[in-house]
Amino acid sequence: MVTQPFKRQRIISEYINFGGYPRVVLATTEQEKAEILREIYESYLEKDIRLLLKIEKEYAFANLVKIIAAQVGNLVNRAELSSTLGLTEKTIERYLYLLEKTFVINLVRPFYRNIRKELVKSPKIYFVDPGFLYIAQGILPTSQRELTGSVFENACWLRLKELDLIKPPQFWRTKSGAEVDFVLTFPKTGKPIPIKVKMSTKHNLGKSLISFIKNYQPEEGFVYCQSDGGKSPHVAYDKTTIYFIPYHVLPGKETIL
C-alpha cells in the first residue's frame, strides 16, 4: 500500500478516472489515456460484439450500454429497458449476460432473508472498469472532473471485489425503500457485514443502515468515505461497531477472509 497521502490520492484519482486497462495505465498523458479508452470502447462495440457475439441489433445494444452506464448502481428495470429500446425482455437478458461474460459489467444480486419484505428479483449493475464507464456515459475522463456519487459507488464496489470472497458482494433493499449499498457475508459464521458509501464526510449512520442493523444485528459494518486522513473513526450502535474508512482501505480484511 502507498503510504504517502498525496501520492496515494493521485494514484486513486487516476484509477477512478481512467481505469486499469494496461494500455491506458502505461500511457503518459491524460489525452492519450482518454483516446485509448475511446478506441477500446469503439473496438469492443463495433467489432468484437458484431463479429464474435453476433448481436442482431447493434444500435439497440450500443444504446443499452449507454443507458445502464447512466444508471450505474441503480436497480435493473428490464421492462423499462425493453420499452425504451424496443427489445424483448428476453433479448435484454441476453445482452446483459453477454456484457457480463465479456467483463464489461457485473450484475450484483440482492441480499435477503425475509422474502416478503425485501426486494429479491432485480440486480444492480456496476462496470468492471471505471474508465470504460466514463466513455459509456459519453464523457471523456479527466482528473479535473468532480467525482459523482454513482462513480464513487462503482469504484467502492470494485474495491470490495478485491477481497475475493466465496460469496461476492451483494446489496440490500426493502420494498419500503431502505437500502444498504453492499453486504458482505463473513465466510466463517455466515453473518452479514453491511457497507454504505457516502460522499459526505459526516460520520452519521443514516436510517437505512440503522434499519439493517436492527434486522440482522451484525458485529461490524463499514461506511466508505472520500476522506483520506488519519485513523478511521468508528461509532457503536447497539452491539454493532461501524467503521468509517477511506477508499484505499479494504474493510476488515484481517477478519473477513
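Data table
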quantity	calculated
GLN226 among the polar types (S, T, N, Q), surrounded by 15 or more Cβ atoms within 10 Å (Cβ to Cβ) and closer than 30 Å to ILE36 by Cα	yes
Checklist (1) in the same structural domain as TYR41 (by TED's automatic domain parsing); (2) closer than 19 Å to LEU64 by Cβ; (3) touching a Pro at 6+ places or on another chain (Cβ under 8 Å); (4) not β-branched (Val, Ile, Thr) applied to GLY131, failing item	(2)
Positions within region 68-93 being assigned to a helix (DSSP H, G or I) and surrounded by fewer than 16 Cβ atoms within 10 Å (Cβ to Cβ), in sequence order	ALA70, ALA79, GLU80, SER83, THR84, GLU89, LYS90, GLU93
Verdict on LEU163 being in contact with a helix residue (DSSP H, G or I) (Cβ under 7 Å, 6 or more places away or on another chain), among the aliphatic types (A, V, I, L, M) and either more than 30 Å from THR28 (Cβ to Cβ) or modelled with pLDDT of 95 or more (or both)	yes
Among (1) small (Gly, Ala, Ser); (2) assigned by TED's automatic domain parsing to the domain that holds TYR41; (3) surrounded by 14 or more Cβ atoms within 10 Å (Cβ to Cβ), the one test that GLY138 misses	(3)
Filter result (exposed (fewer than 13 other Cβ atoms within 10 Å of the Cβ) and not in a helix (DSSP H, G or I)) within region 3-50	THR3, GLN4, THR28, THR29
Members of region 46-62 found to be out of contact with any helix residue (DSSP H, G or I) (no Cβ under 7 Å at 6 or more places or on another chain) and closer than 19 Å to SER82 by Cβ, listed by number	GLU56, LYS57, TYR59
Selected residue (criterion: modelled with the lowest pLDDT) from residues of region 189-225 that are touching a Cys at 6+ places or on another chain (Cβ under 9 Å) and of a type in the set (A, V, I, L, M, F, W, C)	MET199
Flag if ARG94 is more than 24 Å from PRO192 (Cα to Cα), in contact with a helix residue (DSSP H, G or I) (Cβ under 7 Å, 6 or more places away or on another chain) and either of a type outside the set (A, V, I, L, M, F, W, C) or modelled with pLDDT of 95 or more (or both)	no
Unique residue being closer than 21 Å to GLU153 by Cα, among the acidic types (Asp, Glu) and modelled with pLDDT of 80 or more when the list is GLU32, GLU14, GLU58, GLU39	GLU14
Evaluation of GLY73 against (1) on the phi < 0 side of the Ramachandran plot; (2) touching a helix residue (DSSP H, G or I) at 6+ places or on another chain (Cβ under 6 Å) (one fails), failing number	(1)
Region 37-54 residues that are assigned by TED's automatic domain parsing to the domain that holds GLY131 and aliphatic (A, V, I, L, M), paired with ones that are surrounded by 12 or more Cβ atoms within 10 Å (Cβ to Cβ) and modelled with pLDDT of 75 or more (beta carbon under 6 Å, 6 or more apart)	LEU37/VAL24; LEU37/GLY131; LEU37/ILE135; LEU45/ALA62; ILE49/ILE55; LEU53/LEU98
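The values are calculated or read from the model by the stated rules, or taken from the named source; none is laboratory data. Bear in mind the structure is a predicted one, so any value in this text is a computation, not a measurement. As a convention, Cβ positions derive from the backbone with ideal geometry for all residues, glycine included, and neighbour counts pool all protein chains shown.
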